[in-house]
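> Structure in structure tokens, see below.
The values are calculated or read from the model by the stated rules, or taken from the named source; none is laboratory data. Please read all numbers here as calculations on a predicted model, not as lab measurements. Positions of Cβ are backbone-derived with ideal geometry, glycine not excepted, and every protein chain shown enters the neighbour counts.
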Amino acid sequence: MVSQVFDCPFVPSHAAWRAEYGETQGLCASVGSAAPVALDFWQDWRRHPREPFMSVADAAIARVHAGLDRLEIEVPSWGFADTGTRFGKFMQDAAALTLEDKLDDAAEVHRVTGCCPSVAVHVLWDFEDLSNPAPSAALAADRGLRIGSINPNVFQDQCYRLGSVANPDASVRRRAIEHLLHSVEIGRAVGSDLLSLWFADGTNYPGQGHLRRRKRWFEEALREVHDAMPASMTMLVEYKPFEPAFYHTDIADWGMAAAFARAAGPQAKVLVDTGHHLPGQNIEHLVAFLMDEGMLGGFHFNDRHYADDDLTVGSIDPYRIFRILLEIVQAEHDLGGPLSVAYMIDQSHNLKPKIEAMIQTVDMVQSLMAKALLVDLAALDDARERGDVVDAERCLVDAFATDVRPILAGWRERRGLPVDPIADHRAHGHAERAAASRLPRKSSGGGSYA
Ligand code: PSV
Ligand code: MN
């Protein structure tokens with residue numbers, strides 16, 4: 001059954017149009033007469049969205065709503081703090097300083113989106129008293145949140161100049177492993193089941209490191225940490241082809257991450273950060289491959305134009321994230337149930353207001369997931385079997401081109417959430433209150449590079 005039948009693909013249904021604007025306004029008669037009215041309708045629709053612009057079957061809308069009900073997205077604590085480039089930091093009055101601030105901001109994102117109940121933490125950036133992390137769980141709970149993935153910091157201390165678990169100095173390797181083991185305990189104390197590992201280890205110059213020896217050190221370290229994890233905990237192994245190391249990175253790509261995860265043990269999986277690939281990498285292909293191997297653990301979502309740019313999801317290439325999500329939708333469809341995948345954001349917003357950028361990201365991930373859920377998988381399979389390449393691609397393009405904002409609006413209304421989360425956040429005054437309370441606590445000026 002089709003919920004609305006529209007006469008024109010780019011303007012609302014006759015019924016909706018007549019109800020709002022009467023018979024006299026032409027629909028597709030001519031661009032000249034329809035355009036001004038269409039603009040009015042659009043502006044009004046943005047305030048009070050009612051129905052989709054394209055016909056979408058009720059069953060498909062229900063499928064999207066059910067998919068959105070399941071979709072939880074973790075926000076990173078560091079996405080609310082002042083950050084910058086390696087050349088300097090630009091400070092924002094409302095940017096968070098403490099874990100409490102970050103949790104307040106995350107709670108604001110969750111208030112308007114309803115799908116971000118957990119916050120990733122970086123151990124040395126977020127916990128003041130590492131010997132007693134448990135109260136942080138209560139701070140999160142007070143705000144209706146929970147502490148999500150635990151991210152150790154084995155990259156910033158002076159001793160890690162030549163690496164952490166692959167450092168040529170055994171005492172530094174031990175120190176890094178101790179920090180990873182401590183992070184497991186922190187996870188236990190705050191009720192987190194995700195240990196998310198990213199290593200800056202690598203070398204800058206040919207000859208600097210013994211590549212195979214470093215690989216062995218990594219395997220040993222990951223195995224030791226894996227063995228210390230409770231049965232409920234998953235280890236996520238992240239990869240990155242370069243930066244901060246520029247000659248080689250010890251976990252350079254998804255294949256190495258999968259091999260290391262396998263060497264670590266059955267609770268270790270691969271973490272795909274969408275910004276961590278060399279140009280031209282087909283990310284949806286590696287995601288499909290990892291899923292089929294049972295090795296996909298989760299995502300760090302962000303967008304990029306050049307390298308690890310940490311731009312908001314979909315700002316550069318929304319079709320790419322759509323294609324990745326479609327692989328997951330297909331896998332779950334084939335499996336007949338949801339996969340256990342951690343959806344996390346990993347972005348630093350240097351120019352946009354932090355909370356707005358985070359809400360914009362969540363909205364984009366939801367929209368792209370909605371589009372992926374709209375793909376007619378039966379038609380896609382049929383086109384593939386017929387060898388009809390054009391029809392197969394059209395299945396993707398049709399779904400991607402569908403305006404899902406009304407469907408999302410319907411989902412939000414059903415959940416009692418604001419239909420326009422950014423507008424609601426702006427009207428709520430959180431940023432102004434945050435700036436007033438945080439500014440006096442900030443030291444003047446930004447952070448310089450050198
Ligand atoms: C490294 O570039 C990374 O992607 C890791 O996930 C870190 O946890 C995060 O960025 C820190 O911003
Ligand atoms: Mn990441």
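> Kindly state which helices (runs of 4 or more DSSP H) lie completely within the range 346-433 and contain at least 2 residues that are buried (at least 19 other Cβ atoms within 10 Å of the Cβ) and hydrophobic (A, V, I, L, M, F, W, C).
Fully inside the range 346-433 and qualifying: 354-374, 389-401, 405-414.
> Considering only residues that are closer than 18 Å to residue 295 by Cα and within 16 Å of ligand 2 (Cβ to nearest atom), look in the range 181-233 and name the one that is surrounded by the most Cβ atoms within 10 Å (Cβ to Cβ).
Filtering the range 181-233 for residues that are closer than 18 Å to residue 295 by Cα and within 16 Å of ligand 2 (Cβ to nearest atom), the one surrounded by the most Cβ atoms within 10 Å (Cβ to Cβ) comes out as 196.
> Just one of (1) within 12 Å of ligand 1 (Cβ to nearest atom); (2) touching an Asp or Glu at 6+ places or on another chain (Cβ under 7 Å) trips up residue 237, so point out which.
Result: residue 237 fails condition (2) only.
> Is it the case that the range 318-328 has a residue that's on the phi < 0 side of the Ramachandran plot and within 15 Å of ligand 1 (Cβ to nearest atom)? Lay out the reasoning, then the answer.
At the first step, the residues of the range 318-328 found to be on the phi < 0 side of the Ramachandran plot are 318-328.
Keeping just the survivors that are within 15 Å of ligand 1 (Cβ to nearest atom) gives none.
Among the residues of the range 318-328, not one is on the phi < 0 side of the Ramachandran plot and within 15 Å of ligand 1 (Cβ to nearest atom), which makes the answer no.
> With 255, 314, 294, 265 as the choices, which residue is more than 16 Å from ligand 2 (Cβ to nearest atom), farther than 26 Å from residue 392 by Cβ, touching a helix residue (DSSP H, G or I) at 6+ places or on another chain (Cβ under 6 Å) and without any contact (Cβ under 8 Å) to a residue 60 or more places away in the chain? Give the derivation first.
Numbers: 255 fails: touching a helix residue (DSSP H, G or I) at 6+ places or on another chain (Cβ under 6 Å); 314 fails: farther than 26 Å from residue 392 by Cβ; 294 fails: touching a helix residue (DSSP H, G or I) at 6+ places or on another chain (Cβ under 6 Å).
One residue alone meets the criteria, 265.
> Let me ask you something else. Taking residue 245 as the residue in question, decide whether it is buried (at least 21 other Cβ atoms within 10 Å of the Cβ), more than 19 Å from the chain's Cα centre (by Cα) and either modelled with pLDDT of 95 or more or more than 15 Å from ligand 1 (Cβ to nearest atom) (or both). Before you say what the answer is, go through the steps one by one.
Numbers: buried (at least 21 other Cβ atoms within 10 Å of the Cβ): yes; more than 19 Å from the chain's Cα centre (by Cα): yes; either modelled with pLDDT of 95 or more or more than 15 Å from ligand 1 (Cβ to nearest atom) (or both): yes.
Yes: the conditions hold for residue 245.
> When you go through 357, 342 one by one, which is the residue that is more than 30 Å from residue 429 (Cα to Cα) and touching a Ser or Thr at 6+ places or on another chain (Cβ under 8 Å)? Quick ask: steps written out before the conclusion?
Values: 357 fails: more than 30 Å from residue 429 (Cα to Cα).
Exactly one of 357, 342 is more than 30 Å from residue 429 (Cα to Cα) and touching a Ser or Thr at 6+ places or on another chain (Cβ under 8 Å), namely 342.
> Check the range 248-265 and report whether any residue there is away from ligand 1 (no atom under 16 Å from the Cβ) and either crowded, with 20+ Cβ neighbours inside 10 Å or under 24 Å from residue 347 (Cβ atoms) (or both).
Looking through the range 248-265, at least one residue is away from ligand 1 (no atom under 16 Å from the Cβ) and either crowded, with 20+ Cβ neighbours inside 10 Å or under 24 Å from residue 347 (Cβ atoms) (or both).
> I would also like to ask the following. Can you confirm whether residue 321 is within 16 Å of ligand 2 (Cβ to nearest atom) and under 25 Å from residue 119 (Cα atoms)?
Numbers: within 16 Å of ligand 2 (Cβ to nearest atom): yes; under 25 Å from residue 119 (Cα atoms): yes.
Criteria met by residue 321.
> Right, here's the next one. State the number of residues belonging to the range 112-128 that are under 14 Å from residue 80 (Cβ atoms) and more than 16 Å from ligand 1 (Cβ to nearest atom).
Number of matching residues: 1.
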